[in-house]
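Notes follow the structure.
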Amino acid sequence: MVPVVKMDSVSKSFGSGNKKVDILNDIHLYIEPNQLVALRGRSGSGKTTLLNLIGALDQPTAGEIYIEGQPISEYNEKQRSELRRTKIGFIFQSYGLVPFMTVEENIEFGLRIASIPRRDWKVKIEEALELVGLAKRSKHYPYELSGGEQQRVAISRAIAVRPMLILADEPTAELDSKTGFRMMDVFQKLVDSQTTTIIMTSHDPVILEMIEHVYTLEAQNIVYEKNEIII
Ligand SMILES: Nc1ncnc2c1ncn2[C@@H]1O[C@H](COP(=O)(O)OP(=O)(O)OP(=O)(O)O)[C@@H](O)[C@H]1O
Ligand SMILES: [Mg+2]
C-alpha cells in the first residue's frame, strides 16, 4: 500500500549561525491511508512545523517527504500549491478564516479553491455545518462567533471538501469536552468512510486516548505508540 505520508530522514532547522535552532532531527514517519493520527509534544516541540512540512507549506532542511508516493521536493511552487489545493485540508491553530466572509462564504471559498463543482456547494456547506453543529450560523461573520465556534467553522471548511488528507493543528483546543468529543466523532467517521486520513495535534490526554495512532515529538525525535481503543 502506498502511504499517504512518508518522511524519510527529515530534519528541520530555522535560522543560521548562532541563531540556528534545530527543531526536527532525522524523522522517519509512515502513515497509511484512512488513519486517524495524533501528534503530541510540548509547546515548541515542532508539531506545527511538522504539519507545515507535510502540507508543503514549508520545506525540510534535509530529507525527503513523499505524499502518496510522490517526492514533494521535486515539485515546483505551482505543483506544491496544486497539491495543497486539491489534496490537503488545513485546520490551522489560528483558524485562518477570512474575516470579511460569512461562515458559508468561508466554506464556499474552500470548495472553490479545491475545484469542487459549483452545483455541489450548497449541499456540502449545509452538510459540513450540520456535522459541526453550526447550521444556524451560516450567515454570521467570524467576529460574531466565539473562539470555539470559529474553530468549528475551520473544521467544517476542511471537511466540506473531503480532501485525501486533513492536517488539523489542535482542532479541539478551544472546545469544551463534549463538543471536542463530537468533533472527534466527525473525524473518526470521515476516516472510517475510507476517503480521508487525518493528522491532528493535541495536548488533551482524554482526546489522545481516543486515537489509535499517537506520535510524540520529543528532543527533535518522534516516537510511535499504538493505543488500544475500546469501543
Ligand atoms: N519561522 C520560524 N523561524 C524561527 N523559529 C521558528 C519558526 N517557526 C517555528 N520556529 C520555532 O520552532 C519551534 C517549534 O515551533 P512549533 O510551532 O512547531 O511548535 P509546536 O509544537 O507547534 O508548539 P505549540 O504547542 O506551542 O503550538 C519553536 O521553538 C519556534 O520558535
Ligand atoms: Mg503549534
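Points worth noting:
- Only one of the numbered conditions (1) surrounded by 13 or more Cβ atoms within 10 Å (Cβ to Cβ); (2) closer than 16 Å to G180 by Cα; (3) free of Cβ contacts under 8 Å to residues at least 24 places away in the same chain is violated by L129, and that is (3).
- The residue pairs whose first member lies in the range 35-51 and is under 15 Å from M7 (Cβ atoms), whose second member is part of a strand (DSSP E or B) and near ligand 1 (Cβ under 6 Å from one of its atoms), and whose beta carbons are closer than 6 Å, counting only pairs six or more residues apart or on different chains, are G46/I23; T49/I23.
- Subset of the range 162-174 [more than 16 Å from ligand 1 (Cβ to nearest atom) and surrounded by 24 or more Cβ atoms within 10 Å (Cβ to Cβ)]: I166
- Residue list for the range 29-52, restricted to those being more than 13 Å from ligand 2 (Cβ to nearest atom) and either of a type outside the set (D, E, K, R) or assigned to a strand (DSSP E or B) (or both): L29, Y30, I31, P33, N34, Q35, L36, V37, A38
- Among the candidates S81, S73, S43, S138, residue that is surrounded by fewer than 21 Cβ atoms within 10 Å (Cβ to Cβ) and within 16 Å of ligand 1 (Cβ to nearest atom): S43
Listed here are the residues, each with its yes/no results for (1) of a type in the set (K, R); (2) modelled with pLDDT of 95 or more.
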site	(1), (2)
S9	no, yes
D22	no, yes
K47	yes, yes
S73	no, no
L83	no, yes
F92	no, no
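- The residues on offer are K12, K122, and the sole one that is charged (D, E, K, R) and touching a residue at least 12 places away in the same chain (Cβ under 8 Å) is K12.
The values are calculated or read from the model by the stated rules, or taken from the named source; none is laboratory data. Because the structure is a prediction, the values reported are computed rather than measured. Every residue, glycine among them, receives a Cβ derived from its backbone with ideal geometry; neighbour counts consider all protein chains shown.
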